[in-house]
1. Can you find, within the range 45-57, the residue that is nearest to F96 (Cα to Cα) among those that are part of a strand (DSSP E or B) and of a type in the set (A, V, I, L, M)?
2. For the range 47-56, what are the residues that are surrounded by fewer than 13 Cβ atoms within 10 Å (Cβ to Cβ) and in contact (Cβ under 8 Å) with a residue 12 or more places away in the chain?
Amino acid sequence: MKTIKLAALASLFVSQMAAALPCDGFEIKLKNDLADDLLVTKIKLHGGKLSPGGIQKLDSKTEQVFTVNNTTNLPMTGELVFHTITLPSKTVKIHFNLANTGLGCSYADTSPASDYSVAASGSLNQLNYTIYNR
């Protein structure tokens, strides 16, 4: 009887580990290299959740980390929109795609042109964005 319980417990543990998708825990690091503070006015990820959510302030010369959670096994599309606090307000848009792969989470940057430049880099489970003045 103990063997059956142990086998059932091991099976449950393995199935839970397999259910965790590679993009859960993926980090998106944003660095504001501007002299202006930015407001994060839109945080969206279709096929998952980014946290922290809601309107955030990204101070000048600081970094913010967003973590991907509750992902699906489908390709995901994300969008972050920032506005400067000073007037005239300028906009920065970041668009990206995430996909669960066998080894981890892959990304593709699809950001449109914005008022400030955005540089993207990263590795298999992390994406780094730097916002800077052209």
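1. L45
2. Across the range 47-56, the qualifying residues are P52, I55.
Read-outs throughout are calculated quantities, based only on the coordinates presented, and are distinct from any laboratory measurement. None of these values were measured; they are calculated from a predicted model. Don't worry about glycine lacking a Cβ; one is built from the backbone with ideal geometry, like all the others, and counts go over all protein chains shown.
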